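Written out below as structure tokens is the structure these notes cover.
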Amino acid sequence: FTLGLATTELALHAPSQIASAIKTQANQMGFNVVISMVEDLSVQACRTAINELLSQRVDGLLINVSLCAEDSHAIEQVCGKVPALFLDVDPDSDVSSILFDPYEGARQGVEHVVALGHRDIALITGPLISISARLRYQGWLTTLAECQLKPCSVLHGDWSAASGYQLAGQILSLPKHPTAILVANDQMALGVLRALQEYGLQIPVQMSVVGYDDTEDSAYYYPPLTTIKQDFRMLGQESVKRLVQCLEERHVPHAGSLRLTTSLVQRHTTA
Ligand code: IPT
């Protein structure tokens, strides 16, 4: 078989590690993967990428592009008879998917800092055009509300370290600082750590930071980042295995849906 991967920007750490895990698993099973990268987050761009992969006669598709339920149905139509597995879609969509639970991950971050005694908590979300960014944000708000808390500030980034750096600067320019910042991904947290250090704050004594992803290098940030782990290797393995199984058993038209759990990895940016 030849598998097609339509993916969001590979300059981002998470999608590139997911693509790598998919390639590795497919290679091990003797299959080839062709990749098409979607540079903007429009459905139209995703459609173009899928068509490009279909014209290369792929047997099955993995789609790591953020899609709301409605857009995922439209994209599934474009795939026609070629089985597709979605990796970043609204969990309420009925297309086949393998997803990390965004509510669980968001809850783990909030519960961790609240258990440490933090009450003044700032949030840095991902770009709100991304369904995963929106659901993590919602999960944070829900869990904070359960603890009778509201975020002391909410800022929206674009997943990049540069945006984390810039937004942390904004948080520090406010009259009252939070004591903890929850960040929607490790890459933005990397920028946050630099901004805090330039400002002269001691991490974690004066400010705690929690990331999200646990990408390969997060244990080597300074200080080593406390984060919510999404096991991208497992995502790569499961998605390839499921898609291939669906291709082999022709009577199974759908790859089904699987939810993967997240876990808190406590390192040295929280106290
Ligand atoms: C998600 C990452 O958590 C985030 O850091 C960012 O890279 C984003 O992807 C890009 O789309 S992981 C995804 C499978 C929800």
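The values are calculated or read from the model by the stated rules, or taken from the named source; none is laboratory data. No experiment lies behind these values; they were computed from the predicted model shown. FYI the Cβ positions are ideal-geometry reconstructions off the backbone, even for glycines, and counts take in every protein chain you see. Each accessible area value is taken on the protein alone, full model and side chains, heavy atoms only, with ligands, DNA and RNA left out. Shrake-Rupley method; radii C 1.70, N 1.55, O 1.52, S 1.80 Å.
List of remarks:
- Residues in the stretch 121-134 that are more than 19 Å from T262 (Cα to Cα) and open to solvent by 50 Å² or more (accessible area, probe 1.4 Å) were compared, and the one that is farthest from the ligand (Cβ to nearest atom) is L128.
- E216 among the acidic types (D, E), more than 19 Å from I98 (Cα to Cα), away from the ligand (no atom under 13 Å from the Cβ) and surrounded by fewer than 17 Cβ atoms within 10 Å (Cβ to Cβ): no
- Residues being part of a strand (DSSP E or B) and β-branched (V, I, T) - total across the stretch 120-147: 3
- Within the stretch 29-36, the presence of a residue that is free of Cβ contacts under 8 Å to residues at least 60 places away in the same chain and assigned to a helix (DSSP H, G or I) is excluded.
Residue-wise test of (1) farther than 20 Å from P83 by Cα; (2) hydrophobic (A, V, I, L, M, F, W, C); (3) within 12 Å of the ligand (Cβ to nearest atom).
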| site | (1), (2), (3) |
| --- | --- |
| F1 | no, yes, no |
| T8 | no, no, yes |
| H13 | yes, no, yes |
| I18 | no, yes, yes |
| T24 | yes, no, no |
| Q28 | yes, no, no |
| F31 | no, yes, no |
| V38 | no, yes, yes |
| V43 | no, yes, no |
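- Index of the failed condition, E216 passing every other in (1) in contact (Cβ under 8 Å) with a residue 12 or more places away in the chain; (2) over 30 Å from G4 (Cα atoms): (2)
- Of all residues in the stretch 226-238, those satisfying the criterion of being open to solvent by less than 30 Å² (accessible area, probe 1.4 Å) and within 13 Å of the ligand (Cβ to nearest atom) are T227, I228, Q230, F232, L235, G236.
- Close pairs (8 angstrom Cβ cut-off, 6 or more residues apart or separate chains): within 17 Å of V89 (Cβ to Cβ) and open to solvent by 10 Å² or more (accessible area, probe 1.4 Å) in the stretch 43-54, in a helix (DSSP H, G or I) and hydrophobic (A, V, I, L, M, F, W, C) anywhere: V43/A74; V43/I75; R47/A74; R47/I75; R47/V78
- Any chance A84 is small (G, A, S), open to solvent by less than 10 Å² (accessible area, probe 1.4 Å) and more than 19 Å from A133 (Cβ to Cβ): no
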